[in-house]
Amino acid sequence: MSKLQQTLSIIKPDAIERNLSGEIKSIFDKNNLKVKESKKIHITKDEAAEFYKVHQSKPFYNDLCTYLSSGPIEVMILEGENAVSENRRLMGATDPKNAEENTIRKLYGISIDKNSVHGSDSMENAAKEIDFFFKN
Ligand code: CMP
């Protein structure tokens with residue numbers, strides 16, 4: 001059953017640096033994910049650590065937080081039918097080398113760290129992540 005949902009998307013520093021924001025947003029647009037809100041920000045390492053708290057026990061956590069705070073990012077609320085899973089389908093596998101053809105990470109990702117985009121992995125996390133960046 002299809003459901004109208006919202007999810008959080010982040011265009012990461014590697015993609016902003018290469019001016020890929022327009023191309024990535026056009027992929028969302030062509031696939032019926034509407035950008036409801038969007039802002040370009042540069043977060044601190046502490047904010048990145050808070051955002052990625054679920055990964056705090058992972059060996060890559062410190063590098064991940066350093067990376068997300070290394071340059072500007074664009075955070076977006078995407079809305080559409082089954083937006084959480086649809087965004088994940090469009091992004092492709094976490095590691096670009098395992099991602100399907102024509103997915104965002106296959107097209108633009110450089111490595112598992114510089115994988116160009118983040119997307120919420122569940123409706124519960126989407127609500128939390130949207131709140132993290134867009135609550136007033
Ligand atoms: P993202 O979807 O933003 O969620 C956490 C990020 O950690 C992930 O994308 C990757 O960029 C990064 N990462 C680095 N190493 C790993 C790993 N071994 N497994 C999963 N994610 C990793």
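The values are calculated or read from the model by the stated rules, or taken from the named source; none is laboratory data. Quantities reported herein were computed from a predicted structural model and do not represent experimental measurements. Because the Cβ atoms are built from the backbone with ideal geometry, glycine has one as well, and the counts that use them run over all protein chains shown. All accessible areas refer to the heavy atoms of the entire protein, side chains included, with ligands and DNA or RNA removed. Shrake-Rupley method; radii C 1.70, N 1.55, O 1.52, S 1.80 Å.
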How do the pairs read when you match residues in segment 2-16 that are open to solvent by 20 Å² or more (accessible area, probe 1.4 Å) with residues anywhere that are within 12 Å of the ligand (Cβ to nearest atom), using Cβ under 6 Å and keeping only pairs 6 or more apart or on different chains? none
Quick one: how many residues across segment 107-136 are of a type outside the set (F, W, Y), away from the ligand (no atom under 13 Å from the Cβ) and in a helix (DSSP H, G or I)? 7
Those residues of segment 105-128 that are in contact with a Ser or Thr (Cβ under 6 Å, 6 or more places away or on another chain) and under 15 Å from M76 (Cβ atoms) come to a total of 3
Please verify whether S70 is open to solvent by 90 Å² or more (accessible area, probe 1.4 Å), more than 12 Å from the ligand (Cβ to nearest atom), over 14 Å from the mean Cα position of the chain (by Cα) and of a type outside the set (V, I, T), treating the condition exactly as stated. no
Are any residues in segment 94-106 free of Cβ contacts under 8 Å to residues at least 24 places away in the same chain, in a helix (DSSP H, G or I) and under 17 Å from I27 (Cα atoms), and if so, which ones? P96, R105, K106
With the condition kept exactly as written, say whether any residue in segment 107-123 is in contact with a Lys or Arg (Cβ under 9 Å, 6 or more places away or on another chain), surrounded by fewer than 13 Cβ atoms within 10 Å (Cβ to Cβ), more than 19 Å from L8 (Cβ to Cβ) and in contact (Cβ under 8 Å) with a residue 12 or more places away in the chain. yes
For residues in segment 81-92 being outside any helix (DSSP H, G or I) and open to solvent by 40 Å² or more (accessible area, probe 1.4 Å), which is nearest to the ligand (Cβ to nearest atom)? N82
Can you tell me how many residues within segment 41-66 are touching a helix residue (DSSP H, G or I) at 6+ places or on another chain (Cβ under 7 Å) and of a type outside the set (A, V, I, L, M, F, W, C)? 5
Taking the conditions exactly as written (among the charged types (D, E, K, R), within 11 Å of the ligand (Cβ to nearest atom) and open to solvent by less than 40 Å² (accessible area, probe 1.4 Å)), does D63 satisfy them or not? no
Just one listed residue, out of D63, D29, D14, is touching a Ser or Thr at 6+ places or on another chain (Cβ under 8 Å) and not small (G, A, S), and it is D14
Any chance E23 is away from the ligand (no atom under 13 Å from the Cβ) and either buried (at least 17 other Cβ atoms within 10 Å of the Cβ) or in a helix (DSSP H, G or I) (or both): yes
